[in-house]
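Read through the structure below, which is laid out as structure tokens, and then see the notes.
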Amino acid sequence: MLRRNFLKAAGAVAAPAFAKTDRRPNILFIMADDHAAHAISAYGSTINETPNIDRIGRDGIRLDNCFCTNSICTPSRAVILTGQYSHVNGVKTLNDPLDPGRQNVAKLLQAGGYSTAMVGKWHLHKDPTGFDYWNILPGQGAYYDPEFIEMGQRKKHTGYCTDLITDFSINWLKQRPKDKPFFLMCHHKAPHRPWQPAQSHAYDAATRTIEEPVTLYDHYENRSEAARRATMRVGESMTKADVKTDLPADLKGDELRKWGYQRYIKDYLRCIQSVDDGVGRLLSQLMRDDLEENTVVIYTSDQGFFLGDHGWFDKRFMYEESLRMPFLIRYPKELKHGINSDMILNLDFAGTFLDFAGVAAPSDMQGRSFRQNLRGRTPNDWRKSMYYRYWMHLADHNVAAHYGVRTERYKLIYYYGKALGTSGSIDRDTPPEWELFDLLKDPRELTNVYADPVYQKTIVDLKTLLARLQAEYGDQPCPA
Ligand code: CA
């Protein structure tokens, strides 16, 4: 009741007066672009070290089953801001803008007395709303000497994108009004393709060979046509911009894949080193300002990424490496160090921020706060399954649109074979097909067991679950 009144009051006046003793936590949300959990040492990475990102997890919490609902940049960002699925917030594809008139978590926090800022990659096509301050990259932005748009004004800067995003975030932290708690979204462009590192890290990983993932030489024998059709193969599907040199004409197949992996993964990891440096600088700033205790600090990425897994780069598929998001959170005042394995979605972020801020979540948010889960008090009715949908049929990398459901043990995916008028899709039908993976027996998703008689009862149950989740979230199944 109190919270409802509070929200009403907050909506009625632009800037509600809060006492100088407003001790609600600050929220520092740091998000990278395409940074897979298995390239973070706190997640057990065997290919790199991320000492600063690890600091968040060291005395905070690591989420081990944090998933995105649509593994692609622009849509995931819209889900995070609105707490709604893509078909509800209107951002199904890379080309769809986020309607500035829509609710978003920044607007709600702003109305609730927070000072709000957005720095870095926005990529939602229309100007940010709900932020007292914003300084964003136009579109994808550039790695070197990038332009930024600061409150509507375009300006070219000298320097490296990741460092500049950190600088601008720190500047805002210094200059922000100190009588309010803050909500800062610091969104890095890195380590997004084409993986251009800072000069300072140009040679860090060059001298050693990076360990190959066990599925690097996957040839998709027991999988869908969709997996075979995808043109996101390391080496083979790469361009000169990806590998920073001409592709060697004498290498083919697995040899080319082997070569391409070393070329791209080193640059990918070098990009992450700058992000890690930036996280360290932001944490130091909080320490200097004595804000460590009362600030919720999060490190995440807009989705996962294939780090040569299945022989791929990129994301989009509902497969584990692309579906899983890293998520580390620290808030010493309330959260004890640990690991949480509950199924948590990017859909839940907005509601969780609001919960920490004591602001009521609007009823059209579809996610749910996981603050209690973080405190070790997972609600009894917490989800045991999740719904996923990728909409861009045969767009970049020739990946077919699909939807599916993941439970603790199984994953059922339906490639429905149609564009359904979604922007950026190729309007060419492909034969519909299903995939079922038994994650307990086959955690790397190498064998589709959809046709195996042993699983027929499971398939019926999973299809019922899929239909129930679609109905619950208001999505439509593709007509057969
Ligand atoms: Ca991304």
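For this structure, a couple of remarks:
- The alpha-carbon of Lys418 sits under 19 angstrom from the alpha-carbons of these aspartates and glutamates, leaving out residues fewer than 8 places away in its chain: Asp96, Glu225, Asp396, Asp427, Asp429, Glu433, Glu435, Asp475.
- Modelled FRET efficiency - R0 22 Å, Lys240 with Gln140, Cβ distances, 0.05 increments: 0.75
- Tensor-based shape of the range 89-156 (alpha-carbon gyration tensor, a/c under 1.5 rounded, otherwise prolate or oblate): oblate
- Dipole axis of the range 386-473 (+1 Lys, Arg; -1 Asp, Glu on Cβ), positive-most option in Ile426, Leu394, Leu440: Leu440
- For Glu211 and Ala249, the FRET efficiency from 1/(1 + (r/R0)^6), where r spans their Cβ atoms and R0 equals 30 Å, is about 0.65.
- Electrostatic dipole magnitude of the chain [Cβ: Lys, Arg +1; Asp, Glu -1; Cα centre; debye, to 20]: 1340 debye
- Distance in nm between pseudo-label sites at Arg428 and Asp290 (7 Å out along the Cβ direction from Cα): 6.5 nm
- Note on the chain: helix-only mean residue ellipticity at 222 nm, from DSSP H runs of 4+ residues weighted -39500 (n - 2.57) and normalised by residue number, equals -8500 deg cm²/dmol.
- Nitroxide proxy distance, nm - points 7 Å out along Cα→Cβ at His125 and Lys336: 4.7 nm
- Coil-residue trypsin sites (Lys or Arg not before Pro) of the range 65-169, DSSP, other Cβ within 10 Å capped at 14: Lys126
- Whole-Å distance, taken between Cα centres, linking the range 142-172 and the range 455-469: 48 Å
- Cα centre as origin, Lys/Arg/Asp/Glu Cβ charges: the range 310-352 dipole, Debye: 180 debye
- C-alpha center-to-center spacing [the range 98-121, the range 214-228] in angstrom: 41 Å
- Counting beta carbons within 10 Å around each of Cys478, Cys68, Cys73 and listing the fewest first gives the order Cys478, Cys73, Cys68.
- Within a straight-line Cα-Cα reach of under 29 Å, Lys252 can be paired with the following lysines, leaving aside sequence neighbours fewer than 8 residues apart in one chain: Lys240, Lys244, Lys266, Lys315.
- Principal axis extents of the C-alpha atoms in the chain (largest first, rounded to whole Å): 64, 52, 40.
- Förster radius 41 Å - calculated FRET efficiency between Thr378 and Arg229, Cβ distance, rounded to 0.05: 0.55
- Share antiparallel - DSSP beta bridges, the chain, percent rounded to 5: 55 percent
- For the range 98-240, DSSP calls about 40 percent of its internal beta bridges antiparallel.
- Computed label-point distance, nm, for sites Tyr455 and Glu150 using a 7 Å Cα→Cβ extension: 5.4 nm
- Remark: the range 386-473 carries a charge dipole of roughly 180 debye about the Cα centre, counting +1 on each Lys and Arg Cβ and -1 on each Asp and Glu Cβ.
We did not get these values from a lab; they are worked out from the coordinates using the rules stated. Quick caveat: nothing in here was measured; it's all calculated off a predicted structure. Cβ: placed from backbone, ideal geometry, glycine included. Neighbour counts: every protein chain shown.
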